[in-house]
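Remarks on the structure that follows.
The values are calculated or read from the model by the stated rules, or taken from the named source; none is laboratory data. The structure displayed is predicted, hence computed values, not measured ones. Note that each Cβ is placed from the backbone with ideal geometry, even for glycine, and that neighbours are counted across all protein chains shown. All accessible areas refer to the heavy atoms of the entire protein, side chains included, with ligands and DNA or RNA removed. Shrake-Rupley method; radii C 1.70, N 1.55, O 1.52, S 1.80 Å.
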Amino acid sequence: MDTPARPGTVTAVLSVNSESLSALDQTILPFLKASKSIREVLLVFPESINRPIRQTIRRAILLTEDPGHPEISLRPWSGLWDEPLAITRTALKATTELVLLMDTKGLRDVDDGTRDMLLEPPAALLPMGPRGMIVSLGNVSCAESSIAPQHASYLIPPFIIHTHKLKRVARQAQDIWANLGRQVSDSRSDEVGGIVIGYSRPEWCARNTTGANFLDGSSLFSVNVTETGTCLAIEAPRESRMSGRFALIFPKISHLRLLLPLACQLQQTYSLRVLIYNEDVQLRNGVRDWQHQAMASNDTIGCLIQYYIISSPLREKSLLPLKWLISFNRTYDVVVLPRIEDPVASSVAWSLSQSLGYNPVVVHLSIEDLPYTLWMSSLSLTEWRNWNVPRIELSVITKDRPSSLGRLLTSLSQSRFFGDTLDLRVHLEQSSDMETMRLVENFDWKAGRLFVHHRVIHGGLLPAVVESWYPHGNNTYGLLLEDDVELSPLFYAWAKMAILRYRHGDSTNKSPQLFGISLYQQKNLELPSEGRRPFDARDIFARNGIAHPSTPYLSPIPCSWGAVYFPEQWREFHRYLSLRLPGSTVKINQNIVPNVRSNKWTQSWKKYFIELVYLRGYVMLYPNFQDFVSLSTNHLEVGSHVKVRSEEKQSLFLLPLMQLPITPEKYGTGILELPDRSLPNWTSLPVLNLTGSLSSLESLKRVGESRRAELAGCDVNSRLYDILGFMCLA
């Protein structure tokens, strides 16, 4: 690893002018904390802004919480100097071995890793920084930002340089940086004027070239996997950064290749570090424990991922990943590990919960699911932190349709669960045939625990569904599946993404009116009193001027063909049924919801759930993908509610399932075919009523409360999910 500069051997020189004065309090922040290398900070500025500079610095020092920060000195310059000349002549007065030269932007336009490198630099022999110019045959171009060190003809601030190299150039008045590079290169046989390493916002290039078009952020990187020859902790470029820090720790480089689309997206928003711990590689001479390499994505993604690689005896490998994490002296929000039987991964997971003094979220991803993880890039930091909180439980309701049941169980087995474990309960009716029971008995569920329930007295479909799941706590969710349903292999990605966004994400995206997540995409409306009619959400939204007709939407219609139900409303539904079925609130044959066909569904649980959501103003989230591509479909098998099945009728309900893509690394999975490639904010979701007309959450709630007042003869506020109080029975 590169030898760091000796403590206290760097002086930082920062230029300030009237335009940059307003941002000085932010620019100076990195220097208002204790530093091993920075001894002093020299502010260089025109005499005309002396007073406001002093006021700003005095205020910044008073607000700092670290009294051990470097000394800050003010150095006004003569009006006859330009900025580069003022910087170099002021830097010559430094008494340290190295100087950090900065223009008015300071370190604001470089990424975290580059900033850390410049504040705690290695003992470099050549000038070193993230911005470099290449002169070739009279043409001037910008060196591409890269994790790999590159030769340049000269550097543009910010960069580190030995103080004595400024002596000759400080006597010149023009082209200071180009002349400085020429002076350095003249003393070398390779004619190198500086080393470019790290990342800076691309705007600097246009400011320092004329007519240049060689910086294209979409295709900035096109190199193959290569060893960089450096161990500096520098991260890839990003326009904006949140405070979140991620670490990916996997056994093989091939695993990182599968994760590359997700890693590239994470790197745009968060600080990201990657470790590979089980490759058979030979470390470079003089490098202990791990070395630093880089991987480029294909042209579709266009990014570069740095990674560290361990090559040590097996007995040491279980300790090195933790040592690697601690070596950066930073806490991590999320650490992603493989879900495999692996002593290293197990040791890291255990150590993270025991040894660091903080508890990062550990996300375990199955290796076979890595190519399909791009949807996770849409998650916010809060949603990532809550990755392990929600737990989806599967309930299958079946009777005597073994072929249908087999199709459903096969689709479940082929689904991607991204390392999560899911309990599966299969509920057999009293009249289930032997073939169905044998199928369940021989079924091997690998994603979690399997429970089988068998009725001894016939219950019928209503209790079979309603009693198939009951929540334990408010972080468990029930996916209810009748046996004529078939699932997309990506259904879990949709369900978990939506639950994290609207249940465990930002508070502005949470609402007690949301009762579930549908996997099925509505193609017909069943409830209008005049009869079934075709339905196309995209067409409705386009005709009504919705900005994104492809957006998911909210509807009060409960889905029975593959949907996740929320715990609070499902408990309330149980209590509602216990009042409604005996006629405790209103007579059993009285219609609660006016003018809907479900009033005739006397044997269906949906009739009563529709009543509850109508009274409460509840809604379910529905997908809205192109061509009705869905996360579940219904085969409309003959059963309790379907007496005759024609091909024409089946075509009304059978939808194309979202399939696993052949090349997910290029095109993702289809899950993110959403407005701005992310689930919309709660307030941006369109709202429909029971008959498919545009409405609002406030309107649905108001209509339900009005009907409640008519039925119960009261108009009082009640607690959330308290149906007794709502119906004025408490």
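Every residue in region 403-414 that is out of contact with any Lys or Arg (no Cβ under 8 Å at 6 or more places or on another chain), open to solvent by 10 Å² or more (accessible area, probe 1.4 Å) and within 24 Å of residue 340 (Cβ to Cβ), please.
Residue satisfying the conditions is 414 alone.
Looking only at region 415-430, count every residue that is more than 30 Å from residue 244 (Cα to Cα) and open to solvent by 40 Å² or more (accessible area, probe 1.4 Å) and tell me the total.
2
Anything in region 682-720 that is farther than 13 Å from residue 554 by Cβ and touching a residue at least 24 places away in the same chain (Cβ under 8 Å)? List them, or say none.
Across region 682-720, the qualifying residues are 691, 702, 703, 704, 705, 707, 708, 711, 712, 720.
Please pick out the residue among 48, 35 that is of a type in the set (Ser, Thr, Tyr) and either touching a helix residue (DSSP H, G or I) at 6+ places or on another chain (Cβ under 8 Å) or under 26 Å from residue 112 (Cα atoms) (or both).
35
Report, by residue number, each residue of region 614-658 that is basic (Lys, Arg), modelled with pLDDT under 90 and either at positive phi or surrounded by 20 or more Cβ atoms within 10 Å (Cβ to Cβ) (or both).
none
Is there a residue in region 27-40 that is within 27 Å of residue 175 (Cβ to Cβ), open to solvent by less than 60 Å² (accessible area, probe 1.4 Å), β-branched (Val, Ile, Thr) and assigned to a strand (DSSP E or B)?
Checked region 27-40: no residue is within 27 Å of residue 175 (Cβ to Cβ), open to solvent by less than 60 Å² (accessible area, probe 1.4 Å), β-branched (Val, Ile, Thr) and assigned to a strand (DSSP E or B).
Only one residue in 62, 24 is open to solvent by less than 10 Å² (accessible area, probe 1.4 Å) and among the hydrophobic types (A, V, I, L, M, F, W, C). Which one?
24
To keep it simple, each residue is scored yes or no on (1) of a type in the set (Gly, Ala, Ser); (2) at pLDDT below 90.
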residue	(1), (2)
41	no, no
44	no, no
48	yes, yes
52	no, no
78	yes, yes
90	no, no
99	no, no
132	yes, no
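Looking only at region 359-379, decide whether some residue is modelled with pLDDT under 90, among the β-branched types (Val, Ile, Thr) and open to solvent by less than 20 Å² (accessible area, probe 1.4 Å).
Looking through region 359-379, none of the residues is modelled with pLDDT under 90, among the β-branched types (Val, Ile, Thr) and open to solvent by less than 20 Å² (accessible area, probe 1.4 Å).
Hey, residue 13 hits all of (1) touching a strand residue (DSSP E or B) at 6+ places or on another chain (Cβ under 6 Å); (2) under 16 Å from residue 160 (Cβ atoms); (3) at pLDDT below 90 but one; which does it fall short on?
(3)
Test each condition in (1) open to solvent by less than 20 Å² (accessible area, probe 1.4 Å); (2) closer than 30 Å to residue 397 by Cβ; (3) in contact with a helix residue (DSSP H, G or I) (Cβ under 6 Å, 6 or more places away or on another chain); (4) of a type outside the set (A, V, I, L, M) for residue 531 and report the one that comes out false.
The single condition residue 531 does not satisfy is (3).
Among all residue pairs at least 6 apart or on different chains, which show Cβ distances below 7 Å where the first residue, located in region 423-451, is touching a residue at least 24 places away in the same chain (Cβ under 8 Å) and assigned to a loop (DSSP other than H, G, I, E, B) and the second is hydroxyl-bearing (Ser, Thr, Tyr) and open to solvent by 30 Å² or more (accessible area, probe 1.4 Å)?
447/421; 448/421
Quickly run through region 23-53 and pick out the residues that are closer than 12 Å to residue 73 by Cα and among the basic types (Lys, Arg).
Of everything in region 23-53, just one residue is closer than 12 Å to residue 73 by Cα and among the basic types (Lys, Arg), namely 39.
Kindly provide the set of residues from region 381-402 that are farther than 16 Å from residue 480 by Cα, out of contact with any helix residue (DSSP H, G or I) (no Cβ under 9 Å at 6 or more places or on another chain) and surrounded by fewer than 18 Cβ atoms within 10 Å (Cβ to Cβ), ordered by number.
388
In this structure, is residue 583 under 24 Å from residue 603 (Cβ atoms), among the small types (Gly, Ala, Ser) and surrounded by 15 or more Cβ atoms within 10 Å (Cβ to Cβ)?
Spelling it out, it is not the case that residue 583 is under 24 Å from residue 603 (Cβ atoms), among the small types (Gly, Ala, Ser) and surrounded by 15 or more Cβ atoms within 10 Å (Cβ to Cβ).
For the structure I just gave you, tell me whether residue 540 is surrounded by 23 or more Cβ atoms within 10 Å (Cβ to Cβ) and not basic (Lys, Arg).
No.
Tell me the residue from 115, 89 that is within 16 Å of residue 204 (Cβ to Cβ) and in contact (Cβ under 8 Å) with a residue 40 or more places away in the chain, please.
One residue alone meets the criteria, 115.
When you look at residue 341, is it modelled with pLDDT under 75 and charged (D, E, K, R), yes or no?
No.
Name the single residue, out of those in region 700-730 being closer than 30 Å to residue 536 by Cβ and under 33 Å from the mean Cα position of the chain (by Cα), that is surrounded by the fewest Cβ atoms within 10 Å (Cβ to Cβ).
Step by step, filter region 700-730, then rank; the result is 701.
Just to be sure before I move on: is residue 568 open to solvent by 10 Å² or more (accessible area, probe 1.4 Å) and assigned to a helix (DSSP H, G or I) in the structure I sent?
yes
Looking at the structure I just gave you, is residue 466 among the aliphatic types (A, V, I, L, M), closer than 30 Å to residue 722 by Cα and surrounded by fewer than 22 Cβ atoms within 10 Å (Cβ to Cβ)?
Yes.
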